[in-house]
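The structure under discussion appears below in the form of structure tokens.
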Amino acid sequence: MSEPIVVFENVSKRYRLGQTRTSLPSVLSAWVKRRLNGNGQETEASRYLWALRDINFQLKRGDSLALVGANGAGKTTILKLLAKITRPHSGRIFSKGRVSTLIELGAGFHPDLTGTENVYLNGAILGLTRSEINRHMDEIVEFSELERFMDTPLKRYSSGMAVRLGFAVASCVEPDILLVDEVLAVGDVPFRQKCINRIRQLLDKGTSMIFVSHNLWLVQAVCNTALYIDAGEIKFSGTSEKVIEAYEADLHAKRAAKLKTGETPAFDSGETFCEITKVEIGPFDGDPSPDLRPDRRSRILIHYMSYRDEERISLVLRIVRSDGVTCCMLRTKLDQFEIPVNRGHGAISLVLDPLQLRGGTYFVHVVARDGEDADSLATGSSNFFTVTGSTQTFSDMNGIFEPNRSWQRECEVQTLTAGAAVG
């Protein structure tokens, strides 16, 4: 069994609240203000925020670990401790090998330097010699797709271009440990898929990765294990699928509790009256086989919760292959399917007869929109599911779906007019 490359043993981290400077005058000034405000006796809870408490985990070479949890749970603090940006209050951290970080957009870059100069700067920060950077330069430029802009100052780059360059440097140097925190959310879809493929290559070569993202389908795509962090403590650990289930169950339980009290929950996307609580796909009722196959009927079940009465919603549904390719998009508005909703739980069923997807791995992404299909209200995704069929591969050459078809040998040569069907 391989030895762990990262070890956290009873690691805790706290931050001092309300103090930005630690010089003697600033400390005395803060003490005087507290006395004048009648708050001379501070409790530990009022003085400190415990970002992490007694965190324990190990990461072995070639493994990928996701950190899942709400904003402020302590996920980024774990990455910063590993990157030695900050130090723990107590406990022990062990890491072995070169650490490459993508924690903050533009970290390690200087806006007045060109793309090429920033590659050398960032490479030096990672501990590379100039000759090592020269050896990787062509690969970095090719991966980032920024050849035309390498002599342009970084301050003229868009945020997506900065991410491209940052990820290219961090991944092309083939680190022992790669730390990624949300930055892939900025890039466009084709480059994001390119990054996912690159991450998989690094994992196959033995790189270990700790990954932070609120994009849960992306977590399942690149990570085999995960930790659910809540208020600085590990609440659940296991496979990424099980951890995400536990995390989403907690989110739905909290929102359901607010529903019982008559309080409409606040969502990150703003005011809304509806959320997607679960998306499932499986064989159609009565099918004796649990397998999903191209030639059999399948059913997608979309569970939702409404916080108002007498509303209408519409749904946009996409079936997405694991490499990010959208296989199809369906809209209830275009299909003239009305969805009136009232306060409480409900579900919408969609039957695909037959499924027609080629063998492979997919997930379903659903967006709930208002009745006019104008504004988005909430989103939800299924777990990854596997279709068993004639092809089990991610190759683009094998296509996405298997159409209903029939073959026959024509005795005479025929000419087909536009729109004509064969068979």
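The values are calculated or read from the model by the stated rules, or taken from the named source; none is laboratory data. Note that the coordinates shown come from a computational prediction; the quantities given were computed from them, not determined experimentally. Quick reminder, even Gly has a Cβ in these numbers, built from the backbone with ideal geometry, and neighbours come from all protein chains shown.
Looking only at residues of the range 226-246 that are under 21 Å from residue 80 (Cβ atoms) and either in the same structural domain as residue 366 (by TED's automatic domain parsing) or not small (Gly, Ala, Ser) (or both), we find that the one that is surrounded by the most Cβ atoms within 10 Å (Cβ to Cβ) is 229.
Would you confirm whether any residue within the range 304-314 is among the aliphatic types (A, V, I, L, M), within 22 Å of residue 274 (Cβ to Cβ) and buried (at least 19 other Cβ atoms within 10 Å of the Cβ)? There is at least one residue in the range 304-314 that is among the aliphatic types (A, V, I, L, M), within 22 Å of residue 274 (Cβ to Cβ) and buried (at least 19 other Cβ atoms within 10 Å of the Cβ).
Scanning the range 341-362 for residues that are among the aliphatic types (A, V, I, L, M) and surrounded by fewer than 16 Cβ atoms within 10 Å (Cβ to Cβ) gives 347, 351.
Put simply, of 117, 139 the only residue that is in a helix (DSSP H, G or I), in contact with a helix residue (DSSP H, G or I) (Cβ under 6 Å, 6 or more places away or on another chain) and among the charged types (D, E, K, R) is 139. Do we have residue 338 as under 18 Å from residue 276 (Cα atoms) and buried (at least 16 other Cβ atoms within 10 Å of the Cβ) here? In short, no.
Please go through the range 340-387 and pick out each residue that is without any contact (Cβ under 8 Å) to a residue 24 or more places away in the chain and in contact with a strand residue (DSSP E or B) (Cβ under 8 Å, 6 or more places away or on another chain). Quick ask: steps written out before the conclusion?
Start the filter on the range 340-387 by keeping residues that are without any contact (Cβ under 8 Å) to a residue 24 or more places away in the chain, which leaves 374-375.
375 - this is the single residue of the range 340-387 that is without any contact (Cβ under 8 Å) to a residue 24 or more places away in the chain and in contact with a strand residue (DSSP E or B) (Cβ under 8 Å, 6 or more places away or on another chain).
Only residues that are modelled with pLDDT of 90 or more and among the hydrophobic types (A, V, I, L, M, F, W, C): list them for the range 141-153, please. Matches in the range 141-153: 141, 146, 149, 150.
For the range 327-386, which positions are of a type in the set (Gly, Ala, Ser), outside any loop (DSSP other than H, G, I, E, B) and either modelled with pLDDT under 90 or over 27 Å from residue 239 (Cβ atoms) (or both)? Break it down into steps so the answer makes sense when it comes.
Initially, the range 327-386 is screened for residues of a type in the set (Gly, Ala, Ser), giving 344, 346-347, 349, 359-360, 368, 371, 374, 376, 378, 380-382.
Adding the requirement that they be outside any loop (DSSP other than H, G, I, E, B) leaves 344, 346-347, 349, 360, 368, 376, 378, 380-381.
Within the range 327-386, 344, 346, 349, 360, 368, 376, 378, 380, 381 qualify.
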